[in-house]
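**Q** Input: one structure, supplied below.
The values are calculated or read from the model by the stated rules, or taken from the named source; none is laboratory data. What you see is a predicted model; the values in this text were computed from it and never measured. Please note: Cβ atoms are built from the backbone with ideal geometry, for glycine as well, and neighbour counts cover all protein chains shown. Keep in mind that these areas ignore ligands, DNA and RNA; they rest on the heavy atoms of the full protein, side chains included. Shrake-Rupley method; radii C 1.70, N 1.55, O 1.52, S 1.80 Å.
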Amino acid sequence: MGQANGRKSIFITGAASGMGLETARLFHGKGWFVGGYDVNGTGLVALEEELGPENCVVARLDVTDKSAFDTAVALFGKATGGQMDILFNNAGIGRGGLFEQMPFEDIMAVVNVNFVGVLNGIYAALPLLKATKNSLCFTTSSSSATYGMPGIAVYSATKHAVKGLTEALSIEFRLIGVRAADVLPGLIDTPILPEGTVANAPKEGMFRAIPPVEVAKVVWEAYGSDKLHWYVPPELVELDKMAGNAPEMVRDQIANSGPLAPLLKEMEAAAKG
């Protein structure tokens, strides 16, 4: 049976902080065996101490390194007897700015971590998921996958890609007995956010700051459900519907009232002379 000793298991990337950390804590509390992976070695040491080495396996992992991902999954499989009940592809980075001003290296870093890393994880984990009854391939998308967001255009594009991939795989994977779903979080209070973002966030509404444990709760709910897209908070689904039905209206609303609105107005005034 391996180290997991017959327990259900979850493989989590980005497990050293934020949503991944809270998910590791929640599933450990439910009696699951946890695989925690991150580039933050210090955070992983703390996670192992908190959960107990008999209840988890942790390792430093750069999700963009396919061979390293393959190795991590293989070692996880040895600990679980070749099983993986949930793959939680959660690792991500956020680098923003106007597209024309972003260093190309930053653009590709976002693409490689947020999308290529997801592909690496799914491809590596698929044999274990296939071998496990009722398994779930679960990935972190974003509220920015509802409509492309200015200032984080590349980040938003990677999350649209994750959402589209999940939709396609949710159908393909029926052939092999694996479910696929994703979570689209809004403003989650994690280290990925720029300093001051939470303090300046609205106190209510769909873009209020949400504690990361709320995403962890959704991962737990998703395991017992066939639901495809999970929104945190739930009212974000209305933005998704609006973006699909009236993209021009959403575009103009963001341009006129979003964070770039003052800059756009200045540029328009300068163009008029």
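**Q** Counting only other residues whose beta carbon sits under 12 Å from that of V213, what net charge do I get with K and R as +1, D and E as -1?
**A** -1
**Q** Turning to a different aspect of this structure: Quick one: grab the alpha carbon gyration tensor of the stretch 1-153, order the square roots of its eigenvalues as a ≥ b ≥ c, and give me rounded if a/c is under 1.5, else prolate or oblate depending on whether a/b is larger than b/c.
**A** prolate
**Q** How high is the relative contact order of the chain, given as a whole-number percent (alpha carbon pairs under 8 Å, six or more residues apart)?
**A** Relative contact order of the chain: 17 percent.
**Q** OK, next. So what is the 222 nm mean residue ellipticity for the chain from helices alone, if each DSSP H run of at least 4 adds -39500 (n - 2.57) and you divide by all residues, rounding to the nearest 500 deg cm²/dmol?
**A** -14000 deg cm²/dmol
**Q** Mind pulling the angle between the C-alpha long axis of helix 66-80 and the longest principal axis of the chain? Nearest 10 degrees, somewhere in 0 to 90.
**A** Computed tilt is about 40 degrees.
**Q** Something else about it: Answer rounded, prolate or oblate for the stretch 77-200, using the Cα gyration tensor with square roots of eigenvalues a ≥ b ≥ c: rounded when a/c is under 1.5, else prolate when a/b is larger than b/c, else oblate.
**A** prolate
**Q** OK, next. Extension gain K241-Q101, at 0.36 nm per residue separation less the Cα-Cα distance, in nm?
**A** Contour length minus the Cα-Cα distance gives 47.3 nm.
**Q** Now for a different question. How many angstrom lie between the C-alpha centres of the stretch 1-34 and the stretch 126-160?
**A** 19
**Q** Another question, if that's okay. Straight distance only, please: which lysines reach the Cα of K133 with their own Cα at less than 30 Å, same-chain residues fewer than 8 apart left out?
**A** Within the straight-line limit of under 30 Å, K133 reaches these lysines: K8, K30, K66, K78, K159, K163, K217, K227.
**Q** Oh, and also: Using the basic label-point model (7 angstrom from Cα toward the beta carbon), what is the A131 to E167 distance in nanometres?
**A** 3.3
**Q** Provide the per residue accessible area, probe 1.4 Å, for the chain, rounded to a whole number of square angstrom.
**A** 48
**Q** From the list [x] 1.04; [y] 0.95; [z] 1.00, can you say which value of Rg/Rh (Cα atoms, Kirkwood Rh) was derived from the structure given?
**A** [z]
**Q** Right, here's the next one. Where a ≥ b ≥ c are the square roots of the eigenvalues of the C-alpha gyration tensor, would you call the stretch 18-90 rounded, which needs a/c under 1.5, or, failing that, prolate if a/b is larger than b/c, or oblate?
**A** oblate
**Q** Where is the GNM fluctuation largest for the chain (alpha-carbon springs, 10 angstrom cutoff): T190, T158, T42?
**A** T42
**Q** Still on this structure, please answer the following. Explain nothing, just the number: dipole magnitude of the stretch 1-159 about its Cα centre with +1 on each Lys and Arg Cβ and -1 on each Asp and Glu Cβ, in debye rounded to the nearest 20.
**A** The calculation lands at about 600 debye.
**Q** Next question, about the same structure. With a 1.4 Å probe and all protein chains kept in place, how do S67, S257 rank by accessible area, largest first?
**A** Sorted descending by solvent-accessible area, the residues read S257, S67.
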